[in-house]
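Below: the structure, in structure tokens.
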Amino acid sequence: MASGIRDKVAILGMGCSKFGERWADSSEDLAVEAFEEALADANIDVSQIGAAWLGAAIDTINIGPSGIPLAMALRLPDIPVTKVENYCASGSESLRGAVYAVASGAVDIALAFGMEKLKDTGYGGLPARTRGTMYDMVGVTGSAPGFFAQLASAYRAKYGLSKEELKRSIAHVSVKSHDNGVKNPKAHLQKRITEDQVINAPLVADPLGLYDCCGVSDGAACAIVTAPEIARSLGKRDLVTVKALALSVSNGWELQGSGWDGSYFHTTRVAAKAAYKEAGITDPRKELSLLEVHDCFSVTELVTMEDLGVSEDGGAVKDVLDGVFDADGDIPCQIDGGLKCFGHPIGASGLRMLYENYLQILGRAEDRQRQDEPVYALSHNLGGMPYQNASAIVIVGRGDA
Amino acid sequence: MVGIRAFGGYVPRMRLQRASAYAATGWHAPGLKSFAKGERSFCSWDEDAITMSVEAARDCLADRDRSAISRVVLASTSHTFADRQNSTVVKEALNLADSVAALDVSGSKRCATSALIDAFHAVEGNAGDTLCVASERNAQKPGSEGEFASGHAAACLLVSKDNCCAKLLGSHSVSIDFVDHFRKESETFDYNWEARWVREEGYGKIVVSTIKDALQKANIDANQIDHFILGAPLRRVSESVAKRAGVSADAVVDNLNLVLGDAGAAQPFVLLSHLLERAKPSQKIMLVGFGGGCDVIVLETTDAISNARPANGVSGYLNNRDPIDNYVKYLSISGLLELERGMRAEFDQKPVLTAQYRERKTVLGLVGGKCTQTGAVQFPKTPVSVTRSERAVYTQEDYPLAERPAKILTFTADHLTFSPMPPAYYGNIEFEGGGRMLVEFCDVGEESLEVGMPLRMVFRVKAIDDRRGYSQYFWKAAPDRSKLNKSQTS
């Protein structure tokens, strides 16, 4: 009987590059920036790392195949480096590799890395690319905003909301994240916006306008993980440990089966249930201190509140407008600014979310620091489209929690 | 008795307002003013001779059993492919058996009437029921008379020995190299000679004499003709030919110039199909095709005409219209003017021919799977059923979805992704009786999309590979306007 990951692995150190349009910097520059910070935080030598996982999603541009680009950029000491890809959840995927390696006892210290250099495409948004031979013949090429915008049509139909009601609620999601991003020097966008700006912005994919969409940026983030006893032997006192690692991948039921209404993420509901069980959380709304969710689009964040069980079904609109997820609300969501302000260098995003939760639990989040001492923090990293995706949930917490 | 058992047609939804074409081009050619009345049909970016043929054939077949069809013949002077059997693509889209024969015909604007005469002979010789389709997406130079005169459309006639609604009385053909216009293989546009000469020497002499010979052959007097169909693109030609041939002026069938235009090789079929919708039993119809000679066909309706109805008919499609008064939009959609497409349009649309062949029933026929164990319907058919209740492996049998009504589950209008006609509409849909897919929406009009909106599947171009010159086909979902009004009022 599996006993789960809870408290078997601790985070020894983390690093995160500045996210943004890093025109002047190569993917190697971004990688080194994140890695040097993590090495210093962990207070170890690179030779102590036993294995590494690299999450990167897009091959049409970017770093190219295999784990080699990471090994070369960081001059890792000829250790195993595995490249993983699970759409936009690739960063969480690299963490799973590193955490499980440590938990199995295969290595003492492992590196989880995520990076993406997206601003070399020549245009905004994610690159248009193949999704496989069969998909290209019978699917829809489309765009990310177009796929996620459909959540809004189904959510409105399900709960009888007018276009305006929903738009106002998702506008608040973006306004809140921008308020938080202002306080984050590593965020791509550090500027407040108003609800009117969001509502009146040009449409990208109906009903999502420009400010309902996260940006696209360059960035890298990483975590060095080890066993709690090794962390203590290395002199760490306050530990942040992994409480749960969950991943649910669509098997085609949403797209091809019957029963899904298009208004929610089936996989996130499955992953959340598994994660709460593994972490020993029974009332997420009360027990979780912080949420970092995959807010690629404002409407994604809205419905994810329900999928994670922190809002009742149909209740997210009210919770959002009541400020439950604001920085000073009951459960702040995207206290670092989220994908909305960081942009979304695919492979890096899952680890960027974890980075904020790690800083917050250790009380190192400076101006953004949550005053009630955080105990459990959840990150939710989604890859794919609403109708077929990989949904990853990571819960970390104080080692003594 | 050989004749026409069923008929149908298709007219693309968009109609260029000729006044707006004149407003844009009249400075250049003031003489076009006299053509600046009414509207003409034109294909959306994702329609061509093949896709219109499929729609016309579906209109003709309606809910009829397709298993009796033995042959598909496709006539056009604007075939999409010079070498890839266009009619075979139509056969695949109609999900007909592989043993059905397919033939493309072309070469002149009378190729459809020639194909029809040939089909009569073949069916008489026990070739089996023949689906005779004519389709035309003729390209015309901007600012030309042809641009004002022509239209895009298709029509389909099911030729059979049984239950004919119009029986063949006789036919006559002549072949004469009268070059009123021409277009070499690699050229896009026709080169036209003086209309006055074409009217006098071509229609006035060749057509009139062929009609007289045909009447004699069929032993019919000209004044017995109830309906006279000559889809000439020139004005008042039908009337003058009828007069010279002794056919009553009342018999001349309107050439639909003001609402459609001249659909080239398809025009005789379009006009015949339109006429048969309202024809009465025991009426004699003369159908003429002109080009490199002349074909004359004489038909007589039977009692079966009263019950022979297409799904929508040419008239149904004529009523389903989207008037376009933006000339630049027309040019852009028609591929005659390239507006900036952005880098997303650079996405390589290279076809994967091995996979397309392997999956041709799925891709071209929209055939899904129905699980014999659970009864669940899904698209596409897969080795393991998507059903969650039990694990079923290799239990699915073919389940065609093209004719199943569907409704919208989710939708968007995407302004970011590349589309030749932005925004790109797409979303998830559910078929009546089960089965779902993510699909592009087409023919979206003023009525905004809504969850639950009734849909009808249509065969369209999915992607055009400009680099290699290939069109990939797949199915899209169009608002089903026949149900739309009902569902909105209910």
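The values are calculated or read from the model by the stated rules, or taken from the named source; none is laboratory data. In this text, all values refer to a predicted model and were calculated from it rather than measured experimentally. Positions of Cβ are generated from backbone atoms using ideal geometry, with glycine treated the same way; all protein chains shown enter the neighbour counts.
So here's what we get for this one:
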item	result
Selection from region B:375-385 of residues that are in a loop (DSSP other than H, G, I, E, B), within 11 Å of chain A (Cβ to nearest Cβ) and farther than 12 Å from B:Gly434 by Cα	B:Pro380, B:Lys381, B:Thr382, B:Ser385
Top-ranked residue of region B:423-433 - restricted to ones that are part of a loop (DSSP other than H, G, I, E, B) and not small (Gly, Ala, Ser), ranked as nearest to the other protein chains (Cβ to nearest Cβ)	B:Pro423
Contacts under 9 angstrom Cβ, first residue in region A:104-126 being away from every other protein chain (no Cβ under 14 Å), partner assigned to a loop (DSSP other than H, G, I, E, B) and charged (D, E, K, R), 6 or more apart	A:Lys117/A:Arg22; A:Lys117/A:Asp25
Selection status of A:Ile58, of a type in the set (Val, Ile, Thr), in contact with a Leu (Cβ under 9 Å, 6 or more places away or on another chain), closer than 23 Å to A:Val102 by Cα and not in a strand (DSSP E or B)	no
Where A:Glu229 falls short, out of the listed (1) assigned to a loop (DSSP other than H, G, I, E, B); (2) outside the structural domain of A:Met353 (by TED's automatic domain parsing); (3) out of contact with any Leu (no Cβ under 7 Å at 6 or more places or on another chain)	(1)
Residue identified as modelled with pLDDT under 95 and farther than 19 Å from B:Phe189 by Cα among B:Asp46, B:Asp63, B:Asp83, B:Asp59	B:Asp63
Single match in A:Ala106, A:Ala149 (criterion: in the same structural domain as A:Asn86 (by TED's automatic domain parsing) and of a type in the set (A, V, I, L, M, F, W, C))	A:Ala106
Any hit, region B:318-330, residues being more than 30 Å from B:His274 (Cβ to Cβ), away from chain A (no Cβ under 14 Å) and surrounded by fewer than 17 Cβ atoms within 10 Å (Cβ to Cβ)	yes
Any hit, region B:195-214, residues being buried (at least 17 other Cβ atoms within 10 Å of the Cβ), out of contact with any Cys (no Cβ under 7 Å at 6 or more places or on another chain) and outside any helix (DSSP H, G or I)	no
Number of the condition not met by B:Glu446 [criteria: (1) away from every other protein chain (no Cβ under 13 Å); (2) out of contact with any helix residue (DSSP H, G or I) (no Cβ under 9 Å at 6 or more places or on another chain); (3) at pLDDT 95 or above]	(3)
Test: residue in region B:71-82 that is more than 17 Å from the chain's Cα centre (by Cα), surrounded by fewer than 19 Cβ atoms within 10 Å (Cβ to Cβ) and without any contact (Cβ under 8 Å) to a residue 40 or more places away in the chain	no
Failed condition for B:Arg236, given (1) in contact (Cβ under 8 Å) with a residue 12 or more places away in the chain; (2) over 23 Å from the mean Cα position of the chain (by Cα)	(1)
Scope region B:333-357; condition at the interface with chain A (Cβ under 10 Å from one of its Cβ atoms), among the β-branched types (Val, Ile, Thr) and in a helix (DSSP H, G or I); matching residues	B:Thr354
Residues of region B:86-102 satisfying the condition of being farther than 15 Å from B:Ala57 by Cβ and either polar (S, T, N, Q) or buried (at least 24 other Cβ atoms within 10 Å of the Cβ) (or both)	B:Ser99
Residue, farthest from the chain's Cα centre (by Cα), within region B:241-282, restricted to residues that are in a loop (DSSP other than H, G, I, E, B) and of a type in the set (S, T, N, Q)	B:Ser248
B:Phe411 surrounded by 15 or more Cβ atoms within 10 Å (Cβ to Cβ), farther than 26 Å from A:Trp260 by Cβ and within 13 Å of chain A (Cβ to nearest Cβ)	no
Residue that is nearest to B:Asp190 (Cα to Cα) [pool: residues in region B:134-165 that are surrounded by fewer than 23 Cβ atoms within 10 Å (Cβ to Cβ) and aliphatic (A, V, I, L, M)]	B:Ala139
Filter result for A:Tyr159 (more than 9 Å from chain B (Cβ to nearest Cβ), at negative phi and over 25 Å from the mean Cα position of the chain (by Cα))	yes
Breaking point among (1) in a strand (DSSP E or B); (2) within 30 Å of B:Phe431 (Cα to Cα); (3) of a type in the set (Gly, Ala, Ser), for A:Ser258	(1)
Residue match in region B:317-325 (condition: under 23 Å from the mean Cα position of the chain (by Cα), among the hydrophobic types (A, V, I, L, M, F, W, C), modelled with pLDDT of 95 or more and assigned by TED's automatic domain parsing to the domain that holds B:Ala19)	yes
So B:Leu336, is it in contact (Cβ under 8 Å) with a residue 60 or more places away in the chain, aliphatic (A, V, I, L, M) and surrounded by fewer than 18 Cβ atoms within 10 Å (Cβ to Cβ)	yes
Among the residues listed as B:Arg360, B:Arg388, B:Arg436, the single one being within 11 Å of chain A (Cβ to nearest Cβ) and touching a residue at least 60 places away in the same chain (Cβ under 8 Å)	B:Arg360
Any chance B:Ser389 is in the same structural domain as B:Gly433 (by TED's automatic domain parsing) and surrounded by fewer than 23 Cβ atoms within 10 Å (Cβ to Cβ)	no
Residues (more than 7 Å from chain B (Cβ to nearest Cβ) and in contact (Cβ under 8 Å) with a residue 60 or more places away in the chain) located in region A:128-147	A:Arg129, A:Ala144, A:Phe147
Sole exception among (1) in contact (Cβ under 8 Å) with a residue 24 or more places away in the chain; (2) within 8 Å of another protein chain (Cβ to nearest Cβ) for B:Pro420, by number	(2)
Any pair with Cβ under 8 angstrom, 6 or more apart, that starts in region A:195-208 at a residue that is within 14 Å of another protein chain (Cβ to nearest Cβ) and closer than 19 Å to B:Leu449 by Cα and ends at one that is charged (D, E, K, R) and surrounded by fewer than 16 Cβ atoms within 10 Å (Cβ to Cβ)	A:Pro207/A:Lys163
Residues satisfying the stated conditions in region B:298-314, i.e. assigned to a loop (DSSP other than H, G, I, E, B) and charged (D, E, K, R)	B:Arg309
B:Thr130, sole failed condition from (1) within 26 Å of B:Asn320 (Cα to Cα); (2) hydroxyl-bearing (Ser, Thr, Tyr); (3) not in a loop (DSSP other than H, G, I, E, B)	(1)
Residue match in region A:86-101 (condition: in contact with a strand residue (DSSP E or B) (Cβ under 6 Å, 6 or more places away or on another chain), over 20 Å from A:Val242 (Cβ atoms) and modelled with pLDDT of 95 or more)	yes
